[in-house]
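Have a look at the structure below before the remarks.
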Amino acid sequence: MATIIELLPKEYGFVAVVLVLYSFLNFYMALQVGIARKRYKVPYPNLYASESEDKDVKLFNCIQRGHQNSLETMPIFFMLMILGGLKHP
């Protein structure tokens, strides 16, 4: 009886590398949101800054939204990468 590792394609390691790199990218983006939060003085319970607070609010909201979009698409990307890598690694 073959083990799961033997059933995976030989190049499937590249799929794992891409998933790990994507996770590091997400950590980097979270760090950028934390830095922007301090720079633009956005308190923590608020997810976004309101328009009346500062002139650089749009910049913070762009940084926050970029990270949020990445988090929202991460589960479907991981699932499709893992399943798609079985046939086309």
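Throughout, read-outs are computed from the coordinates displayed, never taken from laboratory work. It should be emphasised that the depicted structure is a prediction, and the values quoted were computed from it without experimental measurement. Cβ atoms come from the backbone with ideal geometry, glycine included; neighbour counts cover every protein chain shown.
Any chance you could run the full-extension gain for VAL20 through LEU83? It's 0.36 nm times the residue separation minus the Cα-Cα distance, nm to one decimal. Intermediate results must be reported in sequence, preceding the final value.
Working: separation 63, 0.36 × 63 = 22.68 nm, distance 1.58 nm.
Stretched fully, the VAL20-LEU83 segment lengthens by 21.1 nm.
Just need the relative contact order of the chain here, percent rounded to a whole number, with Cα pairs under 8 Å and 6+ apart. Mind showing how you got there, number by number?
Values: 46 pairs, mean separation 37.4, N = 89.
Averaging sequence separation for qualifying contacts and normalising by length gives 42 percent for the chain.
Enumerate lysine pairs in the stretch 9-87 that are 8 or more residues apart or on different chains, then count those whose Cα atoms are under 27 Å apart.
Values: LYS10/LYS87; LYS38/LYS55; LYS38/LYS58; LYS41/LYS55; LYS41/LYS58.
Eligible lysine pairs with Cα atoms under 27 Å apart amount to 5.
Loop by DSSP (not H, G, I, E, B), at most 15 other beta-carbon atoms within 10 Å: where is the longest site-free stretch of the chain for trypsin sites (Lys or Arg not before Pro)? It would help to have the intermediate numbers written out before the result.
On the way: sites that count: LYS41, LYS55.
Between the exposed loop sites, the longest stretch runs 1-40.
List the extent of the Cα atoms of the chain along each of their three principal axes, largest first, rounded to whole Å.
For the chain, the Cα spread along each principal axis is 64, 19, 17 Å.
Using Cβ counts within 10 Å as a stand-in for footprinting exposure, how do MET29, MET81 rank, fewest first?
Going from sparsest to densest Cβ surroundings: MET81, MET29.
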